[in-house]
Amino acid sequence: MRARRAWRRYRTATGYALVEHLRNRLALTLVVFFVPVWITLVYLVIADADVRFFLRASEQTITVHGNHVSKISGAINAVTLIVGFMMFIVTYRSAWFDERLVMAGYPRVHLLAAKLTALVIAAAVVCGYAVAVIAYYWTPAQPGLLWLALLGAALAFGGIGVMLGALLRGELEGMFLIVMLSIIDMGLQNPVANPASDSDIVRYLPTYGATQSAVTAGFLETTPVLHLLLGPVWFAAAVAVAALTFRLRTRDRRRALLPVLRRRARTGGG
Amino acid sequence: MTTTPPEPALRVGGVHRSYGRHHVLRGVDLELPAGRLAGVVGENGAGKSTLLNILAGRLSPDAGTVHCPGRLGYCPQQTVLNPAFTVDQHLRFFQVAYDLPDLKRAHALLEVLNFTGYRRHRVAALSGGTRQKLNLTLALMHDPPLLLLDEPYQGFDWDTYQRFWDLAAELRDRGRSILVVSHIAFDTARFDRLWHLEAGRLVEGAGASAAPAPTPAVPR
């Protein structure tokens, strides 16, 4: 009975979370047009000259086709921006509504699990679409692994979007932060834009693991498992912050803490 | 033989709340027995919504206690809805939240508030008054013993305004306790008890002068 009720709550909240994404027309327009336009522009504009890329995933420097590796970084840039934006908007705009649902008795864990399920589904679809667009111009060595790598990047930024949506009080701030973070992240890791992209600092960027995995997927036959997991680690860390914020924001505050603390201070009680 | 008086639906003692140096609430005491329709009126900025947020558990008091033994229904001043969902989708979402077996009560409320025809409309396409009807319905649909309503009739047309009071009286007669917060001391005769929020404290009886009736809104 309890399991059935929990399943009902999770299923209902997941359905509504997906409905919210599907009714976000700007995000859908971005998915349909921004991904192919961005990758096509990279294909048309970026030079074909070979560039060197330090692949920490296999501890080697490889020489790759500049246009192909830019299509990969362009795809990562597109999916992180779109999924980060989608998750920020949904979390930010429904913050008060979610709080009301919690007050009405909806368990936080079901609401959060539903949002994350919707995020994974949305990210999987967007990344599949981006791989299909790349494959139209060039066949990567491992398209399935490229999809997984893009998914890791999208999840990392989706988690960051959820975190910012829970933490920030202004819509513009959140949008600006996501755009800036994605620009810095990809700008520092693309070997065409930054010949010094083998710096150690890039290891601390949200899509570092995804970029390493995606380049491996594009040009090699190996599978960098640990680097693939870095995206989900970023995702989990960001979601943990969001969950804690949500928990604090929706707690029942009716019991005043200060009188208790003052009483304890007076009596010396712990 | 002595009988224990029934526990009040809401008991508030010595609630204080400040925003920085601005002391909004300075010791609010309130007790609301079962089956009472009560009102709190006050000027803009008097702290009415702060008080209701504390009673609903959304805001911490700096000091004081709030005790309500049963479930409550809370209708916030601003409509808290999701513009992406239809009216029906809101009802189903809150049906799961409240763990209700069906939506008979919610559908009856739609009839009473006269917006059954909007069930398949998305909130983004509704007028302000119709959104407020849904906002109120979400607070009432689980038939809780205590209702906290913050300006519940704002944006209502005259007919819906009258229907709201009929509904409130019906709930009171069925033993529900209702606390209405409003910036206008209009229709004060409808309340069993009325407090005026003055200088951060509740004063029994209405201190405000009668205000004009709400401007009828054009229903969509």
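FYI, it's all coordinate maths here, none of it is from the lab. In this text the structure is predicted, and so the values were computed from the model without any measurement. Here the Cβ is made from the backbone with ideal geometry for all residues, glycine too, and neighbour counts use every protein chain on show.
Details
- Taking the C-alpha atoms only, the angle from helix A:2-22 to the longest principal axis of chain A is near 50 degrees.
- Here region A:1-64 and region B:165-204 have alpha carbon centers that stand 52 Å from each other.
- Angle in degrees between helix A:225-249 and the longest Cα principal axis of chain A, rounded to the nearest 10: 30
- Cα-derived Rg over Rh, computed across the protein assembly as shown with Rh taken as Kirkwood radius: 1.09
- Taking 4 °C and 1.567 mPa s as conditions, chain B diffuses translationally at an estimated 72 µm²/s according to Stokes-Einstein applied to its Kirkwood radius (Cα pairs).
- Computed from the alpha carbon atoms alone, the convex hull of region A:90-144 holds 77 Å³ per residue.
- The trypsin sites (Lys or Arg not before Pro) of region B:1-82 that DSSP puts in a loop, and whose beta carbon has at most 14 other beta carbons within 10 Å, are B:21, B:71.
- With respect to chain B, whose longest principal axis is taken over its alpha-carbon atoms, helix B:128-140 is tilted by about 70°.
- Per-residue 3J(HN,Hα) values for region B:59-68, derived from phi via the Karplus relation 6.51 cos²θ - 1.76 cosθ + 1.60 with θ = phi - 60°, read 9, 7, x, 6, 7, x, 10, 10, 10, 9 Hz in sequence order (x marks Gly and Pro).
- Using equal-weight Cα scatterers in the Debye expression, the normalised intensity of region A:1-113 in log10 at q = 0.19, 0.20 Å⁻¹ is -0.97, -1.03.
- A Stokes-Einstein calculation at 20 °C with viscosity 1.002 mPa s, built on the Kirkwood radius of region A:2-266 over Cα pairs, returns a diffusion coefficient of 110 µm²/s.
- Percentage relative contact order, chain A, counting C-alpha pairs under 8 Å, at least six apart: 24
- Using the rule -39500 (n - 2.57) for each DSSP H run of four or more residues, divided by the residues of chain A, the 222 nm mean residue ellipticity is -24500 deg cm²/dmol.
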